[in-house]
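Report on the following structure.
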Amino acid sequence: MWTDDVVARLTELWNQGKSASEISRALGNGITRNAVVGKAHRLGLKSRPSPIVRDTSCSILELNDRMCKWPIGHPGERDFHFCGRRSQPAMPYCDEHAEQAYQPGTSMQEMEYRRRASYR
């Protein structure tokens with residue numbers, strides 16, 4: 001999966017400022033966005049600001065119940081902040097981040113079927 005050629009291409013695309021999703025698509029071969037992020041981190045490639053960052057730079061002290069609480073960046077870094085856009089009613093995230101946070105789960109019936117199938 002991570003041949004020298006693939007690592008070289010990842011590094012090249014990363015340095016061009018491509019997003020992890022764009023790099024994943026360019027590399028193909030089942031390499032996911034998360035795999036790209038992990039490999040870039042292990043290679044020590046320079047971190048970049050999140051592409052989700054908009055005009056807000058909301059700190060924890062500025063958050064209220066109507067603001068998106070999606071963390072952006074790493075808590076130990078100087079530019080760490082929260083999204084701060086308007087959240088969905090009765091939810092902690094804006095539309096975009098709620099879509100990322102709440103993925104459809106496996107039904108209880110499916111989980112029970114898988115559990116029983118594993119004993120056969």
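What follows is calculated from the coordinates using simple rules that are stated; it is not laboratory data. What you see is a predicted model; the values in this text were computed from it and never measured. Note: ideal-geometry Cβ built from the backbone for every residue, glycine included; neighbour counts use all protein chains shown.
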In the stretch 23-37, the residues that are more than 15 Å from residue 47 (Cβ to Cβ) and surrounded by 15 or more Cβ atoms within 10 Å (Cβ to Cβ): 24, 27, 31, 35
Within the stretch 78-97, considering residues that are in contact (Cβ under 8 Å) with a residue 24 or more places away in the chain and part of a loop (DSSP other than H, G, I, E, B), the one surrounded by the fewest Cβ atoms within 10 Å (Cβ to Cβ): 79
Within the stretch 1-37, considering residues that are polar (S, T, N, Q), assigned to a helix (DSSP H, G or I) and under 15 Å from the mean Cα position of the chain (by Cα), the one nearest to residue 73 (Cα to Cα): 34
